[in-house]
1. Multiply the residue separation of residue 135 and residue 216 by 0.36 nm, subtract the distance between their alpha-carbon atoms, and state the gained length in nm to one decimal.
2. How much net charge surrounds residue 88 when only other residues with a Cβ under 13 Å from its Cβ are counted (Lys, Arg +1; Asp, Glu -1)?
3. If one takes the longest principal axis of the Cα atoms in the chain, at what angle in degrees, from 0 to 90 and to the nearest 10, does the Cα axis of helix 195-208 lie?
4. Is the stretch 1-89 rounded, prolate or oblate when judged by the Cα gyration tensor, a ≥ b ≥ c being the square roots of its eigenvalues, rounded requiring a/c under 1.5 and prolate requiring a/b larger than b/c?
5. In whole Å, what is the distance between the alpha-carbon centres of the stretch 187-255 and the stretch 132-180?
6. Answer rounded, prolate or oblate for the stretch 6-277, using the Cα gyration tensor with square roots of eigenvalues a ≥ b ≥ c: rounded when a/c is under 1.5, else prolate when a/b is larger than b/c, else oblate.
7. Considering the zone a paramagnetic label at residue 242 would reach in this model (a point 7 Å from Cα along the Cα-to-Cβ line), which residues of the stretch 53-82 have amide N under 18 Å from it?
8. Compute the helix-to-body angle for 10-33: its Cα long axis versus the longest principal axis of the chain, expressed 0 to 90° and rounded to tens.
Amino acid sequence: MSVSSIPKRPLLLAASLVLASAIALTVHVAMLAAGTPYPSAQPPDWARWLNLSIAIGAVLVVLRLAAPHLTGRSFVARTMIVLVLLLTIRETARAGIMSGIVTSGWAFSAAGLVDPLSRTLIQAVLCVAAVRWVRGGLSLVLVALATAAVAMGGQALAGMALVPLMEHVGALARPPLYEFPYPFHVTLAAYVTMLEPAAGATLMLALVWDRLPGSKTMRLLACALLVAQLKGILGMTLLFSFFMQQAPLAGMLSYSQFLSEFLVLGLLSALAWDAFGPRAGDAAASGLTARSPAPSSPS
């Protein structure tokens with residue numbers, strides 16, 4: 001990334017992002033405490049494909065917007081940036097850590113990270129390869145749908161290759177030791193590890209914030225939506241809710257605890273970046289109208 005992506009007020013930015021992650025998680029915890037059930041769905045493959053297409057579409061938009069920061073970097077370097085972005089926003093390490101804390105099955109929790117890592121790597125490679133064909137709104141949709149289809153095939157093959165490993169470590173699985181409401185040490189770990197998706201949102205902002213078109217309000221909303229899409233929770237809320245035991249609206253409410261969490265995380269992270277990031281206090285020099293328009297955005 002360029003020098004312009006270096007925050008001018010890093011301590012204030014870091015403190016604001018910590019606060020953003022805490023507020024976002026509190027939204028989820030409050031909804032859970034209020035009785036919102038944890039979502040459980042059995043979606044068909046076509047719904048999983050559309051959900052993955054929505055997430056991959058967001059990755060492609062990020063890559064197009066981030067082109068000035070990524071120009072000159074190798075394919076491997078761009079893939080690693082996308083991989084880190086997706087792994088962090090999707091709470092990959094956080095899921096393993098929290099599983100280990102809640103169950104004490106650390107070996108199984110660690111081995112369980114292989115599957116999401118392989119899936120995310122496949123998606124990152126395909127997105128970096130496919131973004132060259134994105135030229136506008138229609139091509140974005142078509143490329144996202146095609147890339148998601150290829151990714152699902154690759155993930156299925158990777159899953160079959162991992163079956164022996166998962167069967168071998170399956171005996172290491174442990175039942176949960178705690179249930180919600182969790183004791184203090186589990187709750188503390190949940191808030192501390194929430195810094196992982198906050199770091200992912202920050203990486204996304206460093207890549208795209210100075211390329212987002214429109215007013216400040218529109219850029220803030222775009223960032224919130226992008227974070228939710230990269231997480232994959234937007235598509236889950238809209239699609240998977242129809243494949244639950246509850247009615248679709250009740251299913252959407254169930255998923256909304258996570259959708260709200262990541263919309264809030266994206267919005268508050270963007271506010272922090274706008275206030276204390278590279279362009280803080282530099283509006284007069286650069287201005288909104290001075291920003292280059294996005295090379296591509298959904299129509």
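Values in this text are rule-based calculations from the coordinates and carry no lab data. Since the model is a prediction, treat every value here as computed from it, not as a measurement. Cβ placement follows ideal geometry from the backbone for every residue including glycine, while neighbour counts extend to all protein chains displayed.
1. Extending this stretch completely gives an extra 26.7 nm.
2. Summing Lys and Arg as +1 and Asp and Glu as -1 gives +1.
3. Taking Cα atoms only, the helix is inclined about 30 degrees.
4. It comes out oblate by the Cα gyration axes.
5. 18
6. Here the stretch 6-277 falls in the rounded category.
7. Answer for the stretch 53-82: 53-55.
8. 40
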